[in-house]
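The values are calculated or read from the model by the stated rules, or taken from the named source; none is laboratory data. Since we're looking at a predicted model, the values are computed, not measured. For neighbour counting, all protein chains shown are included, and Cβ atoms are generated from backbone atoms with ideal geometry for every residue, glycine included. Just the protein is used for accessible areas: all its heavy atoms, side chains included, with ligands, DNA and RNA removed. Shrake-Rupley method; radii C 1.70, N 1.55, O 1.52, S 1.80 Å.
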Amino acid sequence: MTEPALSSPRIVHPALVMFALAMGAFAIGTAEFASMSLVPFFAADLRISEPQAGHAISAYALGVVVGAPVIAVLAAKIARRTLLVGLMALFAIGNGLSATAPSYHALLLFRFLAGLPHGAYFGIAALMAASLVAENKRAQSVALVMSGLTVATIIGVPVANLLGQIMGWRYGFGIVALLAMLTMALVALYAPQQPAAEGASPLRELGALRRPQVLLTLLTGAVGFGGLFCVYTYVASTMLEITHVSPKLVPVVLMVFGVGMTVGNLFWAWLSDRRQNLAAIAALLWSAIALAAFPLVAGNVWLLAIDILLIGFGGGLGSVLQTRLMDVAGDAQALAAAAHHSAFNTANALGPWLGGLAIAGGYGLRSTGLIGAALSLGGLAIFLVTINLHRRETLQPLTA
């Protein structure tokens, strides 16, 4: 179902809308994950250590953390298509500036700027996608939008990494800026101009932060996703320094991660539309096991590739938590949906930071796997508390 268009009587084709929204996710996914894979290259170019270069990843993530709730609140009354186009414009500017960053500190600033529209884009895109399908297909519609991000890990990230090796890391960010401009055109052409929800206001959106179920679901993502980012940020360094493979193999393993994440995204969303709580619990437990195996397989490229595939598969948790937030946010949908990506990128900041501390402390690159497993188990513990509290409040599970 669709909301009435405000300014254009266009016929809405859900498949084309999903494609347009997924293209934005592809651009964002390429920027987010490719920057992690390019850490060794811009560290060398800017003459900084790899743990220090990892701070550029954290700067982007912090931009998402700040931008998602602020934009969702301030833009509460803006029609969705207009807002999505504006967010992609800001994303294009941030990545274009990143490609020209003259210094480490300039790069930190530009990555923060590029991160500002990330969460709000995904949040509003998820709400638009869910509005086009039946109630029992919401998680899968969100997963289709998110598939742009996961496909980016198969195609966009390895290509950006390869360009980083051949032509320089700056070209990776330049391509992202072009993808963002393409998304602007597609969204303007195909997306319905859905109005903001009736009665929407900044004050009403802020009401989401008074709901314990919203806050606990966000905390689950902020901690539970940290494990994946802890390992992924340093996987290129691990392959070069521990596995001792040719740099040409790094994009291949990154592509394997993307395949796992794409399949996992669709699988966990399918399960979530049937058993939401089970899907979240199983995904977090799966991730903990796969991450714990990382230190054991880091020395063998074949075993490492299999484990990276399994770690990527666990990354499909995002669509599950996004849909759960729709269920518990009440009339504050925009802020809750956007804040999910603040939580996701809190994990993106937390994981690399903790991993960098362990590496700098002398525990080595393998230690990122154990830290990652601990973060996934922490997210699982929080989610179990969340559903237990909800059952006490309602005397029944959130989903069958």
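When the residues of the range 306-333 are filtered to those that are outside any helix (DSSP H, G or I), touching a helix residue (DSSP H, G or I) at 6+ places or on another chain (Cβ under 7 Å) and modelled with pLDDT under 85, which remaining residue is surrounded by the fewest Cβ atoms within 10 Å (Cβ to Cβ)?
The selected residue is 331.
Just checking, which of 384, 375, 380 is touching a residue at least 12 places away in the same chain (Cβ under 8 Å), more than 28 Å from residue 37 (Cβ to Cβ), of a type outside the set (Val, Ile, Thr) and part of a helix (DSSP H, G or I)?
Details: 375 fails: more than 28 Å from residue 37 (Cβ to Cβ); 380 fails: more than 28 Å from residue 37 (Cβ to Cβ).
Every option except 384 fails the conditions.
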Q. Before we move on, is residue 357 open to solvent by 10 Å² or more (accessible area, probe 1.4 Å), part of a helix (DSSP H, G or I) and modelled with pLDDT of 90 or more?
A. yes
Residue pairs within 7 Å by beta carbon, gap of at least six or interchain, first lying in the range 54-67 and farther than 17 Å from residue 228 by Cα, second β-branched (Val, Ile, Thr) and part of a helix (DSSP H, G or I), listed first then second, are 65/346
Being buried (at least 20 other Cβ atoms within 10 Å of the Cβ) and closer than 25 Å to residue 34 by Cβ, is that true of even one residue in the range 240-250? yes
Residue hits (the range 91-118; open to solvent by 50 Å² or more (accessible area, probe 1.4 Å) and more than 16 Å from residue 54 (Cα to Cα)) are 93, 97, 100, 102
Only one of 62, 84 is surrounded by fewer than 24 Cβ atoms within 10 Å (Cβ to Cβ) and over 17 Å from residue 238 (Cα atoms), namely 62
So, first residue more than 18 Å from residue 37 (Cα to Cα) in the range 252-265, second residue surrounded by 22 or more Cβ atoms within 10 Å (Cβ to Cβ) and among the aromatic types (Phe, Trp, Tyr), Cβ within less than 7 Å, six or more apart or across chains; the pairs are 263/313; 264/313
Per the filter on the range 9-31, residues assigned to a loop (DSSP other than H, G, I, E, B) and not aliphatic (A, V, I, L, M) are 9, 10, 13
Listed by first then second residue, the pairs whose first member lies in the range 152-176 and is among the aliphatic types (A, V, I, L, M), whose partner is assigned to a loop (DSSP other than H, G, I, E, B) and crowded, with 24+ Cβ neighbours inside 10 Å, with beta carbons under 6 Å and at least 6 positions apart or on separate chains, are none
Reported set for the range 280-292 where residues are in contact (Cβ under 8 Å) with a residue 60 or more places away in the chain and surrounded by 18 or more Cβ atoms within 10 Å (Cβ to Cβ) is 280, 284, 287, 288, 291, 292
Residue set 211, 204; condition modelled with pLDDT under 90, surrounded by fewer than 24 Cβ atoms within 10 Å (Cβ to Cβ), under 19 Å from residue 341 (Cα atoms) and not hydroxyl-bearing (Ser, Thr, Tyr); output residue 211
- Item | Boolean, residue 362 is in a helix (DSSP H, G or I) and either of a type outside the set (D, E, K, R) or open to solvent by 50 Å² or more (accessible area, probe 1.4 Å) (or both) | no
